Amino acid sequence: MAELATIARPYAEALFKAAKADAAATAQWVEELAAIAGNEQLLQFADNPKVSAQQVFDLVSGVCKQTLPEIGRNFLLTVIENGRVAVLPEIARQFRALANAQLGTSDAVVYSAYDIDSAALADLAGVLEKRFARKLKLQLVLQPELIGGVRVVVGDEVLDLTVKARLEQMKAALTA
């Protein structure tokens, strides 16, 4: 894992410096490239020695939902030519961390047993921002096995207010 992070760091930092003025728009297409690069068949195609860098570039850019800006095309071609397609998800993660640090925000994943409407999610965001003392970008992930409540992960901090966690705590207390 550290090796991927080490390989990705110079790419993420260079991209961040080049796109600092428009980090939000850059983050969108970098995330899309990372999602595409997560496809196992694409990675096999890119690793094939009979396939040229231009063919991989044409495939990836053709799959993109949005048209890549010039900086995006140059970045993607550089990554492909250097054989780093598999590192794109880590590059995106590090780029997002750099952009968040610049904006003073953090990514937060909210795991919930049920879908939360946008108004309730906005209220939850306000409470969580006070609790974690920073601005948060929330992402909602449904996990029905939680039974109820929410579990929030912000970096390496976890706030678990789920029914499942409470039942496990009660079980541990009763069996101790």
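The values are calculated or read from the model by the stated rules, or taken from the named source; none is laboratory data. None of these values were measured; they are calculated from a predicted model. Glycine gets a Cβ as well: all are built from the backbone with ideal geometry, and neighbour counts include every protein chain shown. Heavy atoms of the whole protein, side chains included, go into the accessibility calculation; ligands, DNA and RNA do not. Shrake-Rupley method; radii C 1.70, N 1.55, O 1.52, S 1.80 Å.
Share of carbon and sulfur in the accessible area of segment 28-176 stands at 54%, probe radius 1.4 Å. Loop exposure criterion: trypsin sites (Lys or Arg not before Pro), DSSP state outside H, G, I, E and B, at most 12 other Cβ atoms within 10 Å. Applied to the chain, the longest stretch between such sites is 66-176.
Heavy-atom accessible surface of residue 132, to the nearest 10 Å², is about 20 Å², with a 1.4 Å probe and all protein chains retained. Accessible area per residue for the chain is 61 Å², calculated with a 1.4 Å probe on protein heavy atoms, without ligands, DNA or RNA. Only alpha carbons enter this Debye calculation for segment 71-165, each as an equal point scatterer, and the log10 of I(q)/I(0) it gives at q = 0.10 Å⁻¹ is -0.38.
Of all DSSP beta bridges confined to the chain, the antiparallel ones make up roughly 55%.
In the chain, Cα pairs under 8 Å separated by at least six residues give a relative contact order of 21 percent. In the chain, the longest principal axis of the Cα atoms and the axis of helix 88-103 are about 60 degrees apart.
The stretch between residue 43 and residue 9 holds 10.2 nm of extra length on full extension. This uses 0.36 nm per residue minus the Cα-Cα distance.
Rounded to the nearest 10 degrees, the angle from helix 53-63 to the longest Cα principal axis of the chain is 50 degrees.
What is the list of residues in segment 121-143 whose amide nitrogen lies under 13 Å from a point 7 angstrom out from the Cα of residue 156, following Cα to Cβ? Output list for this probe position: empty. Between residue 125 and residue 52, how high is the FRET efficiency from 1/(1 + (r/R0)^6) when r is the Cβ-Cβ distance and R₀ = 41 Å? Nearest 0.05. Efficiency at R0 = 41 Å is approximately 0.35.
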